[in-house]
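This report concerns only the one structure given below.
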Amino acid sequence: MKDNRTFVTQPVLPPLEEFIPLLEDIWKSKHITNNGPYHQKLEKELAEYLGVPYISLFSNGTLALLTALQCLNIKGEVITTPYSFVATTHALWWNNIKPVFADIEPEYCNLDPEKVEAAITPETTAILPVHVYGNPCNHEKLKDIADRHNLRLIYDAAHAFGVKQNGESILNWSDLSILSFHATKVFNTIEGGAIISHDAKTKERIDHLKNFGFTGETTVVEPGINAKMNELQAAYGLLQLKTIDNDIAARKEITKQYREGLKDIDGVRFLEDIENVTHNYAYFPVFVDEEKYGMSRDALYGKLKANGIHGRRYFYPLISCFEPYKNYVSASAENLCHAHQLSSQVICLPLYEELCIKKSESIINIIKETRI
Ligand SMILES: *Cc1c(COP(=O)(O)O)cnc(C)c1O
């Protein structure tokens, strides 16, 4: 069925003719899950591609996050960002951890280290920041705070596939990082995710945790969960890896075009590349200043939609505004003022490898025309 609407993203699928032989192989072996050959191969190739020592594949990013918190035995309070996808905080909730929201810095929307430090209480055990839109957090400062207060640091790196700073993967920062390979992410295995760890023992523990806590046929060492990636997803992922560099390059071109087209529009701000960072161009957020632009974010969002352009307000509402989490704002966070402001201004424009130049031009024109 032909649908003329343009959505914020569209997944890359591997060529079907390349996938079929892999399916035939899996059908023949009947090894369809439980650390099969494709699973092992994808772990190896991903670790190489990403430049990380150890990776454990998961059935999705949320379960990877839940398991990472289990693995480090995190309890009490964890300081996190309200400006993220709701799964970041849900993972704390499912581990019986109290989320404490701190404000973000106003430019790149990542946790503000000063606000994090101000939110620490005797109950705090860890910090859970997000590399929002794939832009690296201020790791130096966060790490310093974590070290001085004896806290764990776990990154929700769901947006940060392939991102490097000074040539080094940002997934190597901190205790553990998690990735999501959901269909909407830069690299997808339909559903999927991973934990990046830094020593063989931790990887082994994570691998046990994602398989019910089994360490042998008759030995269960702790209450694990079932969060394994299956062989079909892993085979699909291996094909995705072959094209990922081209996919990211295409995203970069569209990003350039958006930046060029939107640069002279008063009241529409976008994010620039950061020096020494290798970006993955996962999202293209724009921030609408109603007064300068002459139209509200929601009005522009509606106008785009009326023209078949379905941007997304990532991240609106803030996680701290959802019913279950209303009472967990840190008293020192000054009511999350930057988070509230950015959340009320943001629209992520469509960005994916097959978005054609004509379409992004027409999106730019709609934004230009709207202006008074
Ligand atoms: C997508 C996403 C998740 C959840 O990943 P799933 O694979 O969908 O479970 C977690 N955190 C952030 C920031 C995300 O964008």
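Just so it is clear, none of the values below were taken in a lab; they were calculated from the coordinates. Quick caveat: nothing in here was measured; it's all calculated off a predicted structure. Here Cβ is always computed from backbone atoms with ideal geometry, including for glycine, and neighbour counts include all displayed protein chains.
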For region 112-253, convex hull volume per residue from C-alpha positions, Å³: 145
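Can you tell me what share of the DSSP beta bridges in the chain is antiparallel? A percent to the nearest 5 is fine.
Beta bridges within the chain, antiparallel portion: roughly 60 percent.
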Charge-dipole axis of region 217-301 as Lys and Arg at +1 and Asp and Glu at -1 on Cβ define it, positive-most pick from THR243, PHE270, ASN230: THR243
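Can you compute the FRET efficiency between ASN166 and ILE190 using 1/(1 + (r/R0)^6), with r the Cβ-Cβ distance and R0 = 56 Å? Round to the nearest 0.05. Write out the running numbers ahead of the final one.
Working: r = 33 Å, r/R0 = 0.59.
Once the sixth-power term is evaluated, E becomes 0.95.
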Assigned charges on the beta-carbon of Lys, Arg, Asp, Glu; the chain dipole about Cα centre (debye): 720
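If you average the sequence gap of Cα pairs under 8 Å that are 6 or more apart and divide by the length of region 9-239, what percent do you get for the contact order?
On the way: 468 pairs, mean separation 64.5, N = 231.
Relative contact order comes out at 28 percent.
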GNM top mover of LYS252, LYS303, LYS210 - the chain, alpha-carbon springs below 10 Å: LYS303
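Rg(Cα) of the chain divided by 2.2 N^0.38 Å?
Working: Rg = 20.9 Å, N = 372, 2.2 N^0.38 = 20.9 Å.
In units of the 2.2 N^0.38 Å rule of thumb, it is 1.00.
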Euclidean distance of C-alpha centroids, region 228-278 and region 129-171, integer Å: 19
Region 243-370: radius of gyration and largest Cα-Cα distance (Dmax), Å: 16.1, 48
Under 29 Å from the Cα of LYS98 - lysines, other chains or at least 8 residues apart: LYS75, LYS115, LYS141, LYS143, LYS185, LYS201, LYS203, LYS210, LYS228, LYS326
Packing-based order for 232-241, 59-68, using average beta carbon neighbours within 10 Å, highest first: 59-68, 232-241
